[in-house]
Amino acid sequence: DQQVKQNSPSLSVQEGRISILNCDYTNSMFDYFLWYKKYPAEGPTFLISISSIKDKNEDGRFTVFLNKSAKHLSLHIVPSQPGDSAVYFCAAVFGNEKLTFGTGTRLTIIP
Amino acid sequence: SAVISQKPSRDICQRGTSLTIQCQVDSQVTMMFWYRQQPGQSLTLIATANQGSEATYESGFVIDKFPISRPNLTFSTLTVSNMSPEDSSIYLCSVAPLGVPKNIQYFGAGTRLSVL
């Protein structure tokens, strides 16, 4: 049972445009959500997170939106840069339980 | 933050053999985690390595197959025992540094394992 889903395995975006990565979840108990970024031959690195009591969190070019009623979150990157090309994983957690990851979306920024 | 060194970075192993993966952190951490990422799949938690006590395994993972050691606050090993081709995956360790929320984990670069 895949509780966290990233339905787009890949996404290509022109440099300077907005990248929108989507993530859906099924467990309404999740109360904290994270995005990790992974370059080839490296481990995932934490990017941004959001608590379920909020609907938006912004950090520079990165903004995460949470729609609890739709059980959906998204990561917006504006403007997209070539260095943003990577695999992005969303993850969710309930309390002190383990992180549950999605399968990842490979983002390619086209110069 | 934390810097994590994971060895080996990759290996090709024969069926029936075992491989031990090492994870070294540059600072003392309470919680260390071991994950598996099978091809095309998400990261799945194998176990949480606790210093001074037995590791806590997730459903579907057992100590006989994935024995873990945690001799101190900066080091852990994961052994993949009696390997079969189905064990071909990327194995990653991660840590939750002191003072950082548990959910924000720092990952090693991973060990890419191929079993023939």
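For chain B, what is the charge dipole size about the Cα centre, in debye to the nearest 20, if Lys and Arg each add +1 at the Cβ and Asp and Glu each add -1 at the Cβ? If you can, show how the numbers build up before the last one.
Numbers: 8 positive and 7 negative charges, 34 e Å.
It comes to approximately 160 debye.
Projecting the Cα atoms of A:40, A:82, B:14 onto the charge dipole of the protein assembly as shown (Cβ charges, centred on the Cα centre) puts A:82 farthest toward the positive pole. A Förster radius of 22 Å combined with the Cβ-Cβ distance from residue B:18 to residue B:86 puts the calculated FRET efficiency at roughly 0.90. Near residue B:36, once Lys and Arg are set to +1 and Asp and Glu to -1 for all other residues with Cβ below 14 Å from its Cβ, the sum equals 0.
By the beta carbon rule, with partners counted only under 4.7 Å, the protein assembly as shown holds these lone Cys residues: B:13.
For the pair residue A:74 and residue A:18, label points projected 7 Å from Cα toward Cβ lie 0.7 nm apart.
The dipole here belongs to chain A: it is taken about the Cα centre, uses +1 on the Cβ of Lys and Arg and -1 on the Cβ of Asp and Glu, and is about 100 debye.
Counting Lys and Arg as +1 and Asp and Glu as -1, each charge on the Cβ, what is the dipole of the range A:9-72 about the Cα centre in debye, to the nearest 20? Please report the intermediate quantities before stating the final value.
Working: 8 positive and 7 negative charges, 16 e Å.
The calculated dipole for the range A:9-72 is roughly 80 debye.
List the pairs from A:5/A:68; A:5/A:37; A:37/B:65; A:5/A:98 whose alpha-carbon separation is above 19 Å, in the order I gave them. Walk me through the numbers before you get to the answer.
Numbers: A:5/A:68 15 Å; A:5/A:37 16 Å; A:37/B:65 30 Å; A:5/A:98 16 Å.
From A:5/A:68; A:5/A:37; A:37/B:65; A:5/A:98, over 19 Å: A:37/B:65.
Label-to-label distance for residue A:45 and residue A:59 is 1.1 nm, based on points extended 7 Å past Cα in the beta-carbon direction.
How high is the FRET efficiency from residue A:110 to residue B:98, r the C-beta distance, R0 41 Å, rounded to 0.05? Present the calculation step by step, with values, prior to reporting the outcome.
Working: r = 41 Å, r/R0 = 1.01.
E(calc), rounded to 0.05, equals 0.50.
Computed from the coordinates by the stated procedures, all read-outs in this text should not be read as laboratory data. Because the structure is predicted, anything quoted here is derived from the model rather than measured. Methodologically, a virtual Cβ is constructed for each residue, glycine included, from the backbone with ideal geometry; neighbour enumeration extends over all protein chains shown.
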